[in-house]
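Take a look at the structure below.
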Amino acid sequence: MLLLFLPLLKDFLRNQSLVLLMQLHLGAVLGLFEDQRYKSESKKPAVRSIDIIGLGTGPDLEKKLKYAGDVSSGIIFGGELVNSPANVLTPGVLAEEASKVASTYSDVFTAKILDADQCKELKMGSYLGVAAASANPPRFIHLTYKPPSGSVKVKLALVGKGLTFDSGGYNIKTGPGCSIELMKFDMGGSAAVLGAAKALGQIKPLGVEVHFIVAACENMISGTGMRPGDVVTASNGKTIEVNNTDAEGRLTLADALVYACNQGVEKIIDLATLTGACVVALGPSIAGVFSPNDELVKEVLEASEVSGEKLWRLPIEESYWESMKSGVADMVNTGGRPGGSITAALFLKQFVDEKVQWLHIDMAGPVWNDKKRSATGFGVFTLVEWVLKNSF
């Protein structure tokens, strides 16, 4: 009997060693990486090579090493985007970075960048309302991945919140704990999406088409800006009374989600540094997951087990929608303080086609490492794993 199990045990141990090797590679590269682009002097020597001894050789090992390297490059890219200050990484520059990814991997990627006039033609009033105050014009980013060969079996969309700076608007962020000085990281969702795009451009999975979508803009204050009490109309025709200009990310995501559904996708994941309420609930290391679809939740949680990125499912309590009702429009953009991350997810749900499987990740906590004062690159690895699980 033992002899029958020996081949299975051997395969299991080999697979475990390959997983360990991949984790060692990722840990070494990411652990030693330090973003020094904005320092006058580099104080930390760069690592040029890493030798891992005792785990064998062969094509499977080389494949895992390449995969770890591809994922690492995506995580580092995403982290660098978040670390970039808002005076450097404007919506236009974020669009340029996305276009560079598409041009680098032009065998599998195409890029479409829409300006404000093009977004107006698509009736993206919710997104453009947020962008209205800034001197830096908005850019709507759409990258499309198509496999290098074979047919497409499934179409996916990854949607990332892309606020390159969030002042709060007229409901300006003030007082202790508002973290206005860190609001460059309010585009952490878009960084995860674009980091995943870079990794997937190198991996080139078959059988899957992926749309990477970011409604990039700034939330600022000026005479042309959105005011509390304004009513904006999203591209699916639904009207929103803006009762808080600092609940702006969901307004941009509303039009991005409608756009994603119009691409004919079957599944959507959106990622956003959306609510402080989620940080209060889960702390700085865990992202909240919201979805009405159990199977999609299972897929994403399995992907996160491989990546090691911590996710926790929270409920979408439909009765809480009562607090989101408006007297003059279809809805307000924020409810009361209780259950703030849940009502935010309920808001986003209004802009997703019922035929499309949808999952929302609130990553306001793990986007940033306070101890290191640096971005984490959170979300990239889980997204890559999820796409690969959907490939054929």
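Tabulated data
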{"quantity": "Translational diffusion coefficient (Stokes-Einstein; Kirkwood radius from C-alpha pairs) of the stretch 55-131 at 10 °C, 1.306 mPa s, in µm²/s", "calculated": "102 µm²/s"}
{"quantity": "Degrees, to the nearest 10: 249-261 long Cα axis against longest axis of the chain", "calculated": "70 degrees"}
{"quantity": "Solvent-accessible heavy-atom area per residue, rounded to whole Å², over the stretch 94-222 at 1.4 Å", "calculated": "36 Å²"}
{"quantity": "Carbon plus sulfur fraction of accessible area for the chain, probe 1.4 Å, in percent", "calculated": "54 percent"}
{"quantity": "Principal-axis tilt of helix 380-389 within the chain, Cα atoms, nearest 10 degrees", "calculated": "70 degrees"}
{"quantity": "Probe 1.4 Å, protein heavy atoms only - accessible area per residue of the stretch 237-317 in square angstrom", "calculated": "37 Å²"}
{"quantity": "Estimated [θ] at 222 nm from DSSP helical runs (n ≥ 4, -39500 (n - 2.57)) normalised by residues in the chain, nearest 500", "calculated": "-12500 deg cm²/dmol"}
{"quantity": "Alpha-carbon radius of gyration plus Dmax, which is the widest Cα pair, for the chain in Å", "calculated": "21.1, 79"}
{"quantity": "Globularity index of the stretch 233-294, i.e. its alpha-carbon radius of gyration over 2.2 N^0.38 Å", "calculated": "1.30"}
{"quantity": "Surrounding net charge for Tyr170, when Lys and Arg each add one and Asp and Glu each subtract one, Cβ distance under 13 Å", "calculated": "-2"}
{"quantity": "Translational diffusion coefficient (Stokes-Einstein; Kirkwood radius from C-alpha pairs) of the stretch 169-230 at 20 °C, 1.002 mPa s, in µm²/s", "calculated": "144 µm²/s"}
{"quantity": "Semi-axis lengths, Å, the stretch 264-307, gyration tensor of Cα atoms, sqrt of 5 times eigenvalues", "calculated": "21, 14, 9"}
{"quantity": "Gain on full stretching of the segment that runs from Asn87 to Glu41 - 0.36 nm per residue minus C-alpha separation", "calculated": "14.5 nm"}
{"quantity": "Cα gyration tensor, the stretch 258-392 - rounded (a/c under 1.5), prolate or oblate", "calculated": "oblate"}
{"quantity": "0 to 90° range, to nearest 10: angle between helix 294-307 axis and the chain longest Cα axis", "calculated": "50 degrees"}
{"quantity": "Cα-based shape type of the stretch 128-264, given that a ≥ b ≥ c are square roots of the gyration tensor eigenvalues and the cut on a/c is 1.5", "calculated": "prolate"}
{"quantity": "Candidate residues Arg250, Arg48: accessible-area rank, largest first, probe 1.4 Å", "calculated": "Arg48, Arg250"}
{"quantity": "Members of Lys66/Lys267; Lys43/Lys372; Lys161/Lys198; Lys39/Lys66 lying beyond 19 Å, as alpha-carbon distances in this model show", "calculated": "Lys66/Lys267; Lys39/Lys66"}
{"quantity": "Tensor-based shape of the stretch 141-200 (alpha-carbon gyration tensor, a/c under 1.5 rounded, otherwise prolate or oblate)", "calculated": "prolate"}
{"quantity": "Förster radius 35 Å - calculated FRET efficiency between Asp330 and Thr110 (Cβ-Cβ, nearest 0.05)", "calculated": "0.55"}
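The values are calculated or read from the model by the stated rules, or taken from the named source; none is laboratory data. Remember, it's a predicted structure, so these values are computed and weren't measured experimentally. Heads up, the Cβs are rebuilt from the backbone with ideal geometry, glycines too, and the neighbour counts pull from every protein chain shown. To get the accessible areas, we keep the full protein, side chains included, count just its heavy atoms, and leave off ligands, DNA and RNA. Shrake-Rupley method; radii C 1.70, N 1.55, O 1.52, S 1.80 Å.
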